[in-house]
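Notes follow the structure.
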Amino acid sequence: MGITQEELGRRLKAAREACRMTQDEVGRRLGLSRSTVAQMELGNRAVNSLELDQLAYLFGRDIKDFLAKEFHEEDAMVALFRAHPEVADQEQVVEALRHCLALGREVTNLERLLDIRREVMAIAQYSVPQPNSKWEAVQQGERIAEEERRRLGLGIVPIANVAEVLETQGVRTAVVDLPEDISGMTLSEPDVGLFVVINRTHHFLRRRFSYAHEYAHVLFDRERSGTVSRTEDRDQLIEVRANAFAANFLMPEEGVRQFIAALGKGQPSRSNVNVFDEKGVSEVLSRAEPQSQDIQIYDVVHLAHHFGVSRLAALYRLRNMRLITDTELGHLKKLEEQGIGGELAALLDLPEPDHIAARNEFRHRFLNLGLEALRRGEITHAKLRELAQMVELSSEDLQRLLRDSGLSNEEEGDVLVPDA
């Protein structure tokens, strides 16, 4: 038995208030008057399917939530607003949240249609207390990064694809355009599961670090229902912990030390060893050549390339491991800011990854799911057009994609209209 018009209106009002929106704001988004929205919420005015779809998107909901037997007023967007109350007043961030939640539901729906099953239980959840200080946060992040590498059998080698590590454990990932000061989001919803979203506008190497950062939120903070990683929050303890985790997960201490040792560096300039036998002790003193252990900018270039991180990330990792001093950090950082690191990388034939090509990895995967669902008859051409718009694929490109894939439906009158 379906819900009444009055109950639907009550649910819409509850969802609107949870999102801290006024009737005027909802009306402007739907092209309706405030009084019309009020009548809808009172149950005095019917809500058509298009309006309900628009309202569901606006409130970060699945349209089925409003028609289900039971309605839960708490959802991912509400939880995020509670955790980040300042976000509710930032329309650009809120719109990004809406888009990410909608995208997560579409990915989930496509995978279910194609019988792609994810076992989220494969991912670990570490029970650690909330840190009381930044130092404790750093220690927790570094320790769990080492444990997670052991659990996954990664040893001390570089990680080729951090997103793939998440995907293989049942966590969905996406790369979408987000506001500049947001590096990523981790969302958790019953119908979507765990969903990590990274800022598509950021550089490839920063996105790798962001994936590792959000991985920490998955391991430590999933009971929060969601986190938004913003630049201005970097001093919050959970963000400090996530950054410490990311640095150690991407650049494990033993791996860094072995790499530096292979360059003939990283050893103390002076070593003193006592060789003992039952009669006495023999002292052995070793001294390295002056400045022979000093790490140079070209060493940093090789280290960063090896572990797939930025040269600045590599520099700070070396500093935190006390392989360089604060003075050396300042000198090497200045060289990097002058562009010396990039020039050396090119001259040493260590080019950076194709940042532009890597931006569209998620779009390729998302559209491939859509094409397969269309081929199997699980979705219509109209639905595929809707999905293509969500990842900003033009109508012309979609038309060519359908034609080249042998899935064009022009003979049935489903001809795509080119973008204006």
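Within segment 21-54, count every residue that is within 27 Å of Asp89 (Cβ to Cβ), charged (D, E, K, R) and surrounded by 15 or more Cβ atoms within 10 Å (Cβ to Cβ). Number of matching residues: 3. A single entry from Ser188, Ser210, Ser225 fulfils the requirement of being in contact (Cβ under 8 Å) with a residue 40 or more places away in the chain, buried (at least 22 other Cβ atoms within 10 Å of the Cβ) and in the same structural domain as Phe245 (by TED's automatic domain parsing): Ser188. For segment 163-210, give me each residue that is basic (Lys, Arg) and either out of contact with any strand residue (DSSP E or B) (no Cβ under 7 Å at 6 or more places or on another chain) or farther than 28 Å from Phe71 by Cα (or both). Listed by number, the residues that qualify are Arg200, Arg206, Arg207, Arg208.
Exactly one residue among Asp397, Asp349 is on the phi > 0 side of the Ramachandran plot and acidic (Asp, Glu), and that residue is Asp349. The C-beta contact set for segment 135-155 (first residue closer than 13 Å to Tyr215 by Cβ, second residue surrounded by 19 or more Cβ atoms within 10 Å (Cβ to Cβ) and of a type in the set (Phe, Trp, Tyr), distance under 7 angstrom, 6+ apart or interchain) comprises Gly141/Phe245; Ile144/Phe245; Ala145/Phe245; Ala145/Phe249; Glu148/Phe249; Arg149/Phe249.
For segment 285-295, does any single residue satisfy the condition of being at pLDDT below 95, in a strand (DSSP E or B) and surrounded by 10 or more Cβ atoms within 10 Å (Cβ to Cβ)? Let's see the steps before the verdict.
Pass one, segment 285-295, residues at pLDDT below 95: 285-295.
Now narrow it down to the ones that are in a strand (DSSP E or B): 285-287.
Of the ones still in play, those that are also surrounded by 10 or more Cβ atoms within 10 Å (Cβ to Cβ) are 286-287.
The answer is yes; a qualifying residue exists.
Each row is one residue, and each column tells you yes or no for (1) assigned to a helix (DSSP H, G or I); (2) within 17 Å of Val228 (Cβ to Cβ).
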| position | (1), (2) |
| --- | --- |
| Glu164 | yes, no |
| Gln169 | no, no |
| Val175 | no, yes |
| Leu178 | no, yes |
| Leu187 | no, yes |
| Leu194 | no, yes |
| His202 | no, yes |
| Leu205 | yes, no |
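Checked against the criteria, Gln130 does not count as in the same structural domain as Val240 (by TED's automatic domain parsing), over 19 Å from Thr168 (Cα atoms) and in a helix (DSSP H, G or I).
Listed by first and then second residue, the pairs linking a residue in segment 379-399 that is closer than 15 Å to Leu110 by Cβ and modelled with pLDDT of 90 or more to a residue that is in a loop (DSSP other than H, G, I, E, B) and aliphatic (A, V, I, L, M), with Cβ atoms under 7 Å apart and 6 or more places separating them unless they lie on different chains, are Arg385/Leu416. Taking the criterion of being more than 29 Å from the chain's Cα centre (by Cα) and either part of a helix (DSSP H, G or I) or closer than 23 Å to Thr201 by Cα (or both), the residues of segment 315-337 that qualify are Asp326, Thr327, Glu328, Gly330, His331, Leu332, Lys334, Leu335.
Of these, Arg365, Arg385, which one is closer than 25 Å to Leu205 by Cβ and outside the structural domain of Glu164 (by TED's automatic domain parsing)?
Numbers: Arg385 fails: closer than 25 Å to Leu205 by Cβ.
Unique residue meeting the criteria: Arg365.
Within the set Gln54, Gln39, Gln92, Gln23, the sole residue that is of a type in the set (S, T, N, Q) and closer than 24 Å to Thr186 by Cβ turns out to be Gln92. Note on segment 1-20: among residues that are surrounded by fewer than 17 Cβ atoms within 10 Å (Cβ to Cβ) and either without any contact (Cβ under 8 Å) to a residue 24 or more places away in the chain or not in a helix (DSSP H, G or I) (or both), the one that is nearest to the chain's Cα centre (by Cα) is Arg20. As for segment 241-256, it holds at least one residue that is within 19 Å of Leu80 (Cβ to Cβ), in the same structural domain as Met185 (by TED's automatic domain parsing), within 15 Å of the chain's Cα centre (by Cα) and at pLDDT 90 or above.
Taking the condition of being touching a helix residue (DSSP H, G or I) at 6+ places or on another chain (Cβ under 9 Å) and part of a helix (DSSP H, G or I), how many residues in segment 207-231 meet it?
Qualifying residue count, segment 207-231: 15.
Test of understanding: among Glu74, Glu86, which residue is surrounded by fewer than 18 Cβ atoms within 10 Å (Cβ to Cβ), part of a loop (DSSP other than H, G, I, E, B) and at pLDDT below 85?
Values: Glu86 fails: part of a loop (DSSP other than H, G, I, E, B).
Exactly one of Glu74, Glu86 is surrounded by fewer than 18 Cβ atoms within 10 Å (Cβ to Cβ), part of a loop (DSSP other than H, G, I, E, B) and at pLDDT below 85, namely Glu74.
The values are calculated or read from the model by the stated rules, or taken from the named source; none is laboratory data. In this text the structure is predicted, and so the values were computed from the model without any measurement. Note: ideal-geometry Cβ built from the backbone for every residue, glycine included; neighbour counts use all protein chains shown.
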